[in-house]
1. Around A443, which amide H atoms from residues at least 5 apart in sequence, or from another chain, sit under 5 Å from its own amide H, with H modelled in the peptide plane?
2. So for the pair A507, T491, with labels modelled 7 Å out along Cα→Cβ, what separation do we get in nm?
3. How big is the charge dipole of the range 448-558 about its Cα centre, in debye rounded to the nearest 20, if each Lys and Arg gets +1 on its Cβ and each Asp and Glu gets -1 on its Cβ?
4. Sorted from fewest to most neighbouring beta carbons within 10 Å, what does the list L481, L32 look like?
5. Checking understanding here: applying a Kyte-Doolittle mean of at least -0.5 and a length along the axis of at least 15 Å (C-alpha), which whole DSSP H helices in the chain pass?
6. Of all the Cα-Cα pairs you can form in the chain, what percent are over 44 Å apart?
7. Select from the range 433-535 those trypsin sites (Lys or Arg not before Pro) which occupy a DSSP coil region and have at most 13 other Cβ atoms within 10 Å, ordered by residue number.
8. For L70 and V292, calculate 0.36 nm times their separation in residues minus their Cα-Cα distance, and state this gained length in nm to one decimal.
Amino acid sequence: MTHLAPPTRRRVGVRTEALLATLTGIVLACLLRRPVLSSLTTGIPEDLGDPLLQAWQLAWGREALLHQPLAPFDANTFWPLRGSLAFSDSLLGYAPLGLLFGEGPSAALLRYNVCFLLSYALAFSGAYALVRQLGASRTAGAVCGLAFAYAPWHLAQEGHLQILSCGAIPLSLALLARGHGYGRPGPPRPALVLAGWAVAAWQVTLGFGLGLQFGYLLGVLTLVYGAAWLLRGRAPRPPPALVATEAIGMALFLLVAALFALPYLTVADEHPEARRSVADLELFSPPLQGFVTAPADSLLYGRAHEEQRADLPFAPEMTLAVGGALVALGALGLVGGRWPLRRRLGLAAGAGVLLVLAMGTQFVGGGRWTYLLLFDYAPGWEGIRTPGRLVVPMTLALALLAATGLDRLREGAGGGRRAHLVGLLALAVVGAESLGTTPVLPAPPLPAALDRAAGPVLVLPSDPFNDIRAMYFSTAGLYPLVNGYSGFTPTRLTTLRASVATFPDPASVLVLRAYGVRQVVLLPTSASGTPWQDAEDKPVEGLPLTRRQVGDAIVYELESLPRGAAR
């Protein structure tokens, strides 16, 4: 358990090393994702889909923390439905950071882009901390951090901040290991154990896309740790302070997980259409080929893997390559790493199991005896439709094996300059595999009609693409908005869209007044090809509304229904 790398000549304090690793993570994020820096308040990385949705989520997190901390999931979108923030991963854990930024679309972009860069920085420094705690060298820590934070598959997931935000996983494990004295020798440190559980709880507050699998991982590790302690026979009892802190930390984690799970369970009960099916899994389950196929944005593999990507049913979620250098170093770590064989076998077995589960229904037998067992019987897994995202802990397991493999390789080089050269070569190869392009698109301009509008508002046209924009526009005031986009479309919104397809006419206006809508904002420049492409030319005489032009938009002010009228 204490297989440390050879000591260096100059000792660096733990706090200094932690600070340097943190700064290195930030610098790397700014360098490797530098296009984001040039458009912090005007652009958004990857595409104008989920990133705009998540920019709204982060803005709402700030609003909820300031004005309704006891009901943060009752967001302004999908009005008047409750708990709409729980229609997707909430990202509420970023809300305290969001307080550093102001209101409006520009602040929403800045907030999102800062969180985007920090997610990469934390992934690097968290993995580095875990490797160092387990006894590997600083060079191995840097390689592990780089591989975990920037594996090629990240380039396909840059539109999913909830998946990029995985750094708390290795950081939590590092704190727990150090608090228990596992890896580097040292006395138990209850405060670090509590910190480890708190960081793990924070990971859950970002969403269950990663929080669920991390919770199960912690459960498995806790059982293994407890069983190992019992099997030691006359092993000394842990200090009472450590036992008490462990219990408090676990209780904190479980309490946070339960509090965040309740809104999602409520959504599943109130909206049966939100439930995942085996058909959803089949759509998103990647074949084995996907784990050796890099995204198109990869500079090293993008063109070379073009034909492989074409064979994948849904490439955006199935280009999951972790990098050939990482696999090679991981294999070396398994065969001849410096860590104990038991640990190396455990990491390799974990990576293998995660690979099988990540294939979902694409594994032998349609996943009936692998992923579908989780889906059918393990609490929480019935809400996950993208098995391939188990590539996150799989990458971490491979990165840890690669770290000990690199230390063995450096040791075999004879130390000194040769060892440094081997380390630099490993950094260069892993770094080359991580290089890619991060497209940054200009955010859509805010229509003047939606700048602090008087809600409840319905923005037309209404469909998944345009509703994402409407949600982003609503950051200018966070007024009640009927529109919304998430992993599913509520039946009520689907019905309303169909009922107002002929707007403005008597029937659709009556439906909207009964619904409680006060304003309808029509964006003619976006209406081409939709049911509302001719709406601006329809007469409104005799209808209980007024119409006015505001910039490029047309605003319809609806009269309220008389008191006592049915709603």
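Bear in mind these aren't lab numbers, they're just calculated from the coordinates by the rules spelled out. Predicted model only: the values in this text are computed from it and were never measured. Heads up, the Cβs are rebuilt from the backbone with ideal geometry, glycines too, and the neighbour counts pull from every protein chain shown.
1. Amide H neighbours of A443, under 5 Å, 5+ apart: G43, I44.
2. According to this spin-label approximation, the distance is 2.1 nm.
3. So the magnitude is around 340 debye.
4. L32, L481
5. Flagged H segments are 14-32, 50-67, 105-133, 138-150, 168-180, 190-206, 208-231, 240-270, 324-336, 341-358, 391-412, 416-434.
6. Tail fraction, whole percent: 22.
7. On the way: sites: R452, R469, R492, R497, R513, R518; in loops: R452, R518.
Filter output for the range 433-535: R452.
8. The L70-V292 span can extend by a further 75.4 nm.
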